[in-house]
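Data first, discussion second: the structure below is written as structure tokens.
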Amino acid sequence: MTLSDLIDRHESGELLDEFAKREIRRATLAAVAIPGYQVPFGSREMPVARGWGSGGLQITLAVTHDDDTVKVIDQGDDDGVNAVNLRRLVTSSTGADETTTASEATVTQSRHRIPEDGLDESSILVLQVPVPEPLRGVERDMRELARMHAEADYSRMWVSLYEDKVRNGVITQTTGYPCLVNERYVVATTPIPRWDIPRLHDAPFLTLFGAGREKRIYAIPPYTIVEPLTFEDVPFEVEDSDGARCSLCGKSESFLVSLPNSTTWLCSDTDWCARQRGSR
Amino acid sequence: MGYVSARGGLDAIRAAESLVRTKRLVSESNWLEEDQILDKLRLLVDRVMSEAGLWDPRLASKAIRQSEGDATEAVHLLRAYRSTLPRFAYSEAIDADDATVMRRIVPAFQRVPGNQLLGRSVDYTARFLERTGDDDAREEAEKLRAAQTEESRDIEPASEEIAPRRLMELLREMDMLVDRRLEDDPEPFDITRTPARPPAPRSALLSSMARADTGALVNQWYRNILGPDGYLHEVTLGEVRHANMPLNVRHPVTGETVTIMQVRVSEVEAIEDLEGVEEDRSRFDVGYGLCFGHNERKAIAMANLDIACHRDAGRTQLEQSLLLTTDALDSAGFLEHLKLPHYVTFRSMIERKIAVRKARQRRDA
Amino acid sequence: MNDTFTERRYDIARLAIPEWLLKVERLGKVYGPYDDEIIASTGSERDTAKSSINGSVVAAWDVSFEVAPGEALGIVGESGSGKTTVLRCLAGDFTPSTGSATIRLGSDDVNIFDVEPAQRRRLRVDTVSVVYQDPSEGLKMNVTAGGNIAEPLTAAGWRNFSKIRARASDLLARTEVPLNRMDDLVRAFSGGMRQRVQIAKALANSPSVVLFDEPTTGLDASVAAGVLDLIRSLLEEHRIAAVVVSHDFSVIEMLTSRCLVMHHGRIVESALTDQLLEDPHHPYTQRLVAAARA
């Protein structure tokens, strides 16, 4: 690529220069090669703020071509304002098509959810990560954190789970449940709900985690062992809706969110919900 | 395709965008010229360039205008723009002694070679709010302009004044400084390409602070003076400078070093009185601060924190604080992300509250 | 006088059980640069650990001993004598300047000064435990008694909540911590109770070596006596090789059968503990014993 090519690229409205994309692809490959390991990368500033999906956006821009089809959701909703904003940035910058249907998407960027269905071997799921370090709750010093990961020394995580169970009778970790990937690294599963955790295990799709502010990329390659940290005799629990049903589609098989009155429930995955209604 | 369902969100953000743009462009007052921002709000321009890590006064002025004076937002615009540009070259190392000094003070001595040069500074002007009307101000400006032309403006300052010898040189000659020059000459750490994490080389720390939010750096300094957990020595300032520095690159064809521009910087050398048990009590050490533009507050904080971090030597997490918590965009962006929808996480939290209650009931039953 | 020491050392060598489990050879820890001359400028005979040549501090030098399974070795001396330095080096908290410390692991001999930091920490999980004078060094104050014991257990791979609970309650019962305190934060415990929890934690993975650093210093006399009783019965129960560091002869007398006396970083005398107390040879030991008996 010549200098003038690079300048032409810039003038065509790209959000990242080509060198940056190459760098991000290299970091992504390293992440895939070492499942769960947080690969540092030279995270660039994006037209969206740090904490607003700048890491996910950089990965999506680096892996998306004009023949791709992208889906962008926030909280499971294609219509969330942040999802809409990111989607138009991705499509205008890459020339990719857009969709709300996960099975049609080659790249799905998401904040806080995995689509209920539709992801397969041809899919890449890009999750926006606010806090990539799963051990920060038990250790603040980054030098010590690096050591703990290097030695797979996770006993303090186990102690925190033990203490939680002793104090509260249940494990109270809510979203972003810590998981052991490929029997080696503990990762923060963004804040996706526990509901989505079992679907990371042995998943057919590639999941890429982008933390722009903390400048880390990590990955769960397809068909990787993903185990939520829990004791052998304390079953991992997903969110319990106590038999509630979505007031739009009437289904209870998806992750439901409630209105403040606690009696009206809705599917968090709006596209899945719409398809249920269509097929009814 | 379910695209139609996405319309509501798109309409909402388009409306917000339009409101911002219309209110900014359509108003009773005149269009704000770039020259006016450069000239009348020069310190804001300097600060924005310093925190963006990008020297381009015109772009910075545009960013300040677009952000309606929000410095952090302006920094964001500049950095995001910078992300779209390929990097063609790295500048050569600058010898700070090639700089031309516009202001220079040395608090450590009464008289120094090259003299104290107060220059343009409000340090000793009384902070009275001027309530002059616009017409009076214009009239005064005319008078000042006339007086200025009568004065001889063309006297060249003496060379020892614009390039004075550093106090550090003199202290070194007096054998007053510990020598901690490195054996090797490592390439400076590029914080825009590799995230700096402790333990990091000093160049990473200095680059991070040079680009840090001014307020964050001042706070880090003051927090270590008066805060609950830090302890930081007050330094004696050996050198406070506002100067023009030449920026050199190697010509891609001839290989010659060419000066492509001048950047204005604030530069500070801070003298530290060593009193630790393993330190050389008979000598001083020096902290260094340098940032784009005229921003002495930032450069002083940086110099003092540089030496504090060196002396801390990893005993506390000062280095982590400086490397990771002082960037304007990191902190502001993450703070503001709290405005994003969080109803999935919140739902999960409520579910666990109920689970805890059920567990308690089971235990008590 | 020198002859007498030699004779006694010979006795000890003959009495020592040949199957050592921990063998320390020529351990040295110096703060600052050193050479033979600087080392020679310090020690008991020079009455200082600090070299007059360059100010380097020879905190411990030429310290050698062996400990057999089921045996407790005492190291006694005043503060600054180097005894805690020796223990900290064995614990991996300090890096020694020279020497070796070999632990017999099955058929393998491992020099713990020689291994990678990760392996050294690993050894601390299941092979070498430490009971510190200050419980806050060995325990997390904001974690429950059970949780503190869960840490070495989970580090050793325990993943079953009920089994961890059972093991923790068993250990707490053996260290005489009331079981209804198991789920209380250690912060809420008295000094003696914290020390019992620390001992329970130290025993979690049935280590072969336990290092005690002034385990009862700072406790009330009656509480200290109870903790000493506990340590003694645990040492008798398990085939642990123990090193007990103390300035207090009553602790050494109660727990150990052999002991070393350290002064300014050097071993000045080593003997069977009861012999040493009855008939101290070295003038420094005589002074210490006399002070203890007073």
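The values are calculated or read from the model by the stated rules, or taken from the named source; none is laboratory data. What you see is a predicted model, and the numbers here were worked out from it, not measured in a lab. A quick note on method: Cβ atoms are made from the backbone with ideal geometry, for glycine too, and the neighbour counts reach across all protein chains shown. In case anyone asks, the SASA skips ligands and DNA or RNA and just uses the protein heavy atoms, side chains included. Shrake-Rupley method; radii C 1.70, N 1.55, O 1.52, S 1.80 Å.
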Out of (1) touching a helix residue (DSSP H, G or I) at 6+ places or on another chain (Cβ under 9 Å); (2) in a helix (DSSP H, G or I), the one residue C:261 does not meet is (2)
What about residue C:52, is it loosely packed, with under 15 Cβ neighbours inside 10 Å and of a type in the set (Ser, Thr, Tyr)?
yes
Filtering the range C:49-83 down to residues that are among the aliphatic types (A, V, I, L, M) and not in a loop (DSSP other than H, G, I, E, B) yields C:57, C:58, C:59, C:60, C:63, C:67, C:72, C:73, C:75, C:76
Taking the range A:181-239 and keeping residues more than 14 Å from chain B (Cβ to nearest Cβ) and of a type in the set (A, V, I, L, M) leaves A:181, A:186, A:187, A:200, A:203, A:206, A:208, A:219, A:220, A:225, A:226, A:229
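Collect the residues in the range A:231-244 that are open to solvent by 30 Å² or more (accessible area, probe 1.4 Å) and of a type in the set (Val, Ile, Thr), keeping them in residue-number order.
A:238
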Counting only residues in the range B:333-365 that are under 47 Å from the mean Cα position of the chain (by Cα) and more than 7 Å from chain A (Cβ to nearest Cβ), the one farthest from residue A:49 (Cα to Cα) is identified as B:353
With the first residue restricted to the range A:246-265 and required to be part of a loop (DSSP other than H, G, I, E, B), and the second required to be open to solvent by 70 Å² or more (accessible area, probe 1.4 Å) and of a type in the set (A, V, I, L, M, F, W, C), Cβ contacts under 9 Å at 6 or more apart or on different chains are A:247/A:259; A:262/B:350
Considering the range B:308-317, residues that are farther than 14 Å from residue B:204 by Cα and away from every other protein chain (no Cβ under 11 Å), and then whichever is surrounded by the most Cβ atoms within 10 Å (Cβ to Cβ), we arrive at B:308
Condition set assigned to a loop (DSSP other than H, G, I, E, B) and open to solvent by 60 Å² or more (accessible area, probe 1.4 Å), scope the range C:157-174, selection farthest from the other protein chains (Cβ to nearest Cβ): answer is C:158
Picked from the range B:73-92 (must be open to solvent by 40 Å² or more (accessible area, probe 1.4 Å) and under 19 Å from the mean Cα position of the chain (by Cα)), the residue nearest to the other protein chains (Cβ to nearest Cβ) is B:82
Log entry, pairs with first residue in the range C:132-152 being without any contact (Cβ under 8 Å) to a residue 24 or more places away in the chain, second being of a type in the set (D, E, K, R), beta carbons closer than 7 Å, six or more apart or on different chains, reads C:147/A:163
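Residues are listed down the side, and each one gets a yes or a no for (1) free of Cβ contacts under 8 Å to residues at least 40 places away in the same chain; (2) under 26 Å from residue A:202 (Cβ atoms):
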residue: A:39; (1), (2): no, yes
residue: A:46; (1), (2): no, no
residue: A:78; (1), (2): no, no
residue: A:84; (1), (2): yes, no
residue: A:117; (1), (2): no, yes
- Message: Against the definition (within 24 Å of the chain's Cα centre (by Cα), away from chain A (no Cβ under 14 Å) and of a type in the set (Asp, Glu)), how does residue B:70 come out, yes or no?
- Response: no
In the range C:24-38, anything crowded, with 19+ Cβ neighbours inside 10 Å and touching a strand residue (DSSP E or B) at 6+ places or on another chain (Cβ under 6 Å) is listed as C:24, C:27, C:28, C:29, C:30
Across the range A:95-138, the tally of residues that are part of a loop (DSSP other than H, G, I, E, B), within 12 Å of another protein chain (Cβ to nearest Cβ) and hydroxyl-bearing (Ser, Thr, Tyr) stands at 3
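Which of the following residues is small (Gly, Ala, Ser) and within 30 Å of residue B:316 (Cβ to Cβ): B:158, B:196, B:146?
B:196
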The residue from B:169, B:73 that alone is assigned to a helix (DSSP H, G or I) and touching a Ser or Thr at 6+ places or on another chain (Cβ under 6 Å) is B:73
Checklist entry - Out of all the residues in the range B:213-226, is one or more outside any helix (DSSP H, G or I) and touching a residue at least 40 places away in the same chain (Cβ under 8 Å)? => result yes
So the strands (runs of 3 or more DSSP E) completely within the range C:89-153 holding 3 or more residues that are closer than 29 Å to residue C:174 by Cβ are C:98-105, C:128-131
